[in-house]
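The values are calculated or read from the model by the stated rules, or taken from the named source; none is laboratory data. Nothing here was measured: the structure is a model prediction, and the numbers come from that model. Heads up, the Cβs are rebuilt from the backbone with ideal geometry, glycines too, and the neighbour counts pull from every protein chain shown.
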Amino acid sequence: MKVGFKSMTCAEVDALVVNLVENKLTTPNEALNKSIKMLVDRELFAGKEGEVYTFTRENNETLQTVILVGLGKEENLSLEDFRKVAGNAIKKCIELKLNKVFLRIPEVKTLEASEIAKAMTYGAVLGNYTFDKYKTSKKEAKEIEVSIGAHGVNDETVEEMVKSIQEGREIAEGVIIARNLVNEPSNVLYPETLANEAIKISKESGFDIEVFGLDKIKELKMEAFYEVSKGSEKEPKLIVMRYFGNKDNKEDILGLVGKGLTYDSGGYSIKPTAGMDTMKSDMGGAAAVIGAMSIIAKRKLKINVVTVIASCENLISGNAYKPGEIIGSMAGKTIEVLNTDAEGRLTLADAVHYIIEKENAKEIIDVATLTGAALVALGETTTAVITNNSEFYKELKEVSDYTGEKVWELPAFDDYKKLIKSDIADLKNIGGKFAGTITAGLFIKEFVQDKPWLHLDIAGTSWSSSKSDYGIKGGTGAPVSTLYELAKKKQSK
Ligand code: BES
Ligand code: ZN
Ligand code: ZN
């Protein structure tokens, strides 16, 4: 999708999306104002939130569809509203076969026009996203050309707008990378092909990558990771991506770790069928960190980021690990495996230890589809967070308020720790019936030493069971944009 900037003009487009704040139902275009007024008088449109009124008119010898979109009260508007509005507008244009679209930025006192432009670009590009590569008969959709614009802006603002539209599009492209990886089925996407995709993306975006196989994983003594991978014939891969945009402070390294289970059957603690059909998405954390890396590198942020993915499949075979076994880990801690379906924390334990010891990460964020309990607690809208550092969480929360990707901290009180103490090993990999998201997080905490750490459980947020304003049923790409914005905020000035 092409997205550009235009100063307010109604000509030459076949769809005019007029976003209107309640009580400010006028535009610089007199003819349009007349139509709006008639609709208002007949009580067909009032600019209330979620209201849409579509009509077609003749404009310069061509047909033009006008889509009036109500935004509701100005004081309640957020950037997320504009992402949604743009996503829905694009969906409507696709439905009506309109390929040249103009999206109007209204004047909003509390929001900068360039921020609205960025948000609308993001929503529009993602609203246009589909995953239909496996459909043998599909309509070849025409490429949609979108221009976003406002009335009466000065040259300086125009320049800013063009830049923020570019940024919005690049962020959305990173989100699409993550969505595509998550939506790809596990017969196509397995550790080796995930690594190949990451290599391709590293070349396009400009970061370094190294992929290690079984020999190196054994040499590194990543025993917990290896044990999870053993039941599959597919070789596990340790994917390490490095981007050094702040060469003056080489020691300052942000470490991102993504859970990379390309399929999770549960292993011998096998999942019921209904719980297994979406388990190709158990690499949502890996997808998110790859997507974020691509934007960070493309936009050349002044920050050092290293990303680690311990990728494998959790399957059943004569060689698979079994409940009751005691296994080791790269950190040297022993773990009693009481449930082979709690495999993510085992792979992550080694991945976080690796990123601290071998890659020198100073702060760590792990992103993982870790527990069904996160879905039970917070649903599909909010990522559950466990941390050992409230300042770090505050930074995340601020960024998340800006990106609209919601997060919520769960407590990590020491009282919960006894739930993962084993009678016969250092730790056990499940904490019992209660507080599943917390005990999973605390398990990983045992491996992050004293480093500031955020654990993002995206089991609920990385996969959507239904389509949304700018998403489809399937991978959401969360929390790519939050990871990018957090890295951007952490840049050296
Ligand atoms: N990959 C799952 C978590 C999950 C569940 C992600 C639903 C997305 C949607 C994870 O490996 C898992 O199976 N966790 C177990 C842990 C339990 C055995 C302690 C779970 O949540 O049931
Ligand atoms: Zn599992
Ligand atoms: Zn899993």
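Here are some notes:
- Some residue of region 419-437 being closer than 26 Å to Pro479 by Cα, without any contact (Cβ under 8 Å) to a residue 40 or more places away in the chain and within 16 Å of ligand 2 (Cβ to nearest atom): no
- Within region 429-449, considering residues that are in contact with a His (Cβ under 9 Å, 6 or more places away or on another chain) and assigned to a loop (DSSP other than H, G, I, E, B), the one surrounded by the most Cβ atoms within 10 Å (Cβ to Cβ): Val448
- Matching residues in region 302-330 - criterion: being more than 16 Å from ligand 1 (Cβ to nearest atom) and either under 25 Å from Gly284 (Cα atoms) or buried (at least 23 other Cβ atoms within 10 Å of the Cβ) (or both): Ile303, Asn304, Val305, Val306, Thr307, Val308, Ser317, Ser329, Met330
- Only one entry in Phe225, Phe244 is more than 16 Å from ligand 1 (Cβ to nearest atom) and either of a type in the set (Gly, Ala, Ser) or within 29 Å of Pro452 (Cα to Cα) (or both), namely Phe244.
- Tally of residues being over 14 Å from Asp252 (Cβ atoms), outside any loop (DSSP other than H, G, I, E, B) and in contact with a Gly (Cβ under 6 Å, 6 or more places away or on another chain) across region 356-374: 4
- Residue within region 196-205 that is touching a strand residue (DSSP E or B) at 6+ places or on another chain (Cβ under 7 Å) and more than 29 Å from Leu301 (Cβ to Cβ) present: no
Each row is one residue, and each column tells you yes or no for (1) hydrophobic (A, V, I, L, M, F, W, C); (2) outside any helix (DSSP H, G or I); (3) farther than 17 Å from Ala124 by Cβ.
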site: Gly47; (1), (2), (3): no, yes, yes
site: Glu58; (1), (2), (3): no, yes, yes
site: Ile67; (1), (2), (3): yes, yes, no
site: Ala86; (1), (2), (3): yes, no, no
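- Residue count for region 142-175, restricted to those that are of a type in the set (Asp, Glu) and in contact (Cβ under 8 Å) with a residue 60 or more places away in the chain: 5
- Among the residues making up region 220-261, those that are more than 12 Å from Leu348 (Cα to Cα) and either within 16 Å of ligand 2 (Cβ to nearest atom) or of a type in the set (S, T, N, Q) (or both) are Glu227, Ser229, Lys230, Gly231, Ser232, Pro236, Asn246, Asn249.
- Residue that is farthest from Gly291 (Cα to Cα) [pool: residues in region 152-168 that are touching a strand residue (DSSP E or B) at 6+ places or on another chain (Cβ under 8 Å) and surrounded by fewer than 20 Cβ atoms within 10 Å (Cβ to Cβ)]: Val158
- Of all residues making up region 257-284, the number that are under 19 Å from Tyr226 (Cα atoms) and acidic (Asp, Glu): 2
- Evaluating Lys333 against the criteria (1) surrounded by 24 or more Cβ atoms within 10 Å (Cβ to Cβ); (2) more than 16 Å from ligand 2 (Cβ to nearest atom); (3) in a loop (DSSP other than H, G, I, E, B) leaves one unmet condition, (1).
- The C-beta contact set for region 450-461 (first residue assigned to a strand (DSSP E or B), second residue among the acidic types (Asp, Glu), distance under 6 angstrom, 6+ apart or interchain) comprises His455/Asp366.
- When Glu160, Glu210, Glu192, Glu197 are checked against the criterion of being at pLDDT below 95 and either among the acidic types (Asp, Glu) or within 22 Å of Lys92 (Cα to Cα) (or both), a single residue qualifies: Glu160.
- Any chance Thr347 is assigned by TED's automatic domain parsing to the domain that holds Leu256, within 12 Å of ligand 2 (Cβ to nearest atom) and either within 19 Å of Glu210 (Cα to Cα) or free of Cβ contacts under 8 Å to residues at least 40 places away in the same chain (or both): yes
- The residue list Asn319, Asn339 contains one member that is out of contact with any helix residue (DSSP H, G or I) (no Cβ under 8 Å at 6 or more places or on another chain), among the polar types (S, T, N, Q) and within 16 Å of ligand 2 (Cβ to nearest atom), which is Asn339.
- The helices (runs of 4 or more DSSP H) found wholly in region 212-322 and carrying at least 3 residues that are without any contact (Cβ under 8 Å) to a residue 40 or more places away in the chain, more than 16 Å from ligand 3 (Cβ to nearest atom) and assigned by TED's automatic domain parsing to the domain that holds Lys445 occupy 214-219.
- Out of Glu80, Glu22, Glu75, Glu58, one residue alone is more than 19 Å from Glu112 (Cα to Cα) and either of a type in the set (Asp, Glu) or touching a helix residue (DSSP H, G or I) at 6+ places or on another chain (Cβ under 8 Å) (or both). It is Glu58.
One line per residue, one yes/no per condition, for (1) closer than 26 Å to Gly474 by Cα; (2) without any contact (Cβ under 8 Å) to a residue 40 or more places away in the chain; (3) part of a helix (DSSP H, G or I):
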site: Asn180; (1), (2), (3): yes, no, yes
site: Asn187; (1), (2), (3): yes, yes, no
site: Asn196; (1), (2), (3): yes, yes, yes
site: Glu204; (1), (2), (3): yes, no, yes
site: Glu210; (1), (2), (3): no, yes, no
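- Only residues that are touching a helix residue (DSSP H, G or I) at 6+ places or on another chain (Cβ under 6 Å) and either within 14 Å of ligand 3 (Cβ to nearest atom) or part of a strand (DSSP E or B) (or both) were counted across region 342-355, and they come to 6.
- Candidates Glu192, Glu112, Glu80, filtered to the one that is farther than 20 Å from Ser462 by Cβ and outside the structural domain of Ile309 (by TED's automatic domain parsing): Glu112
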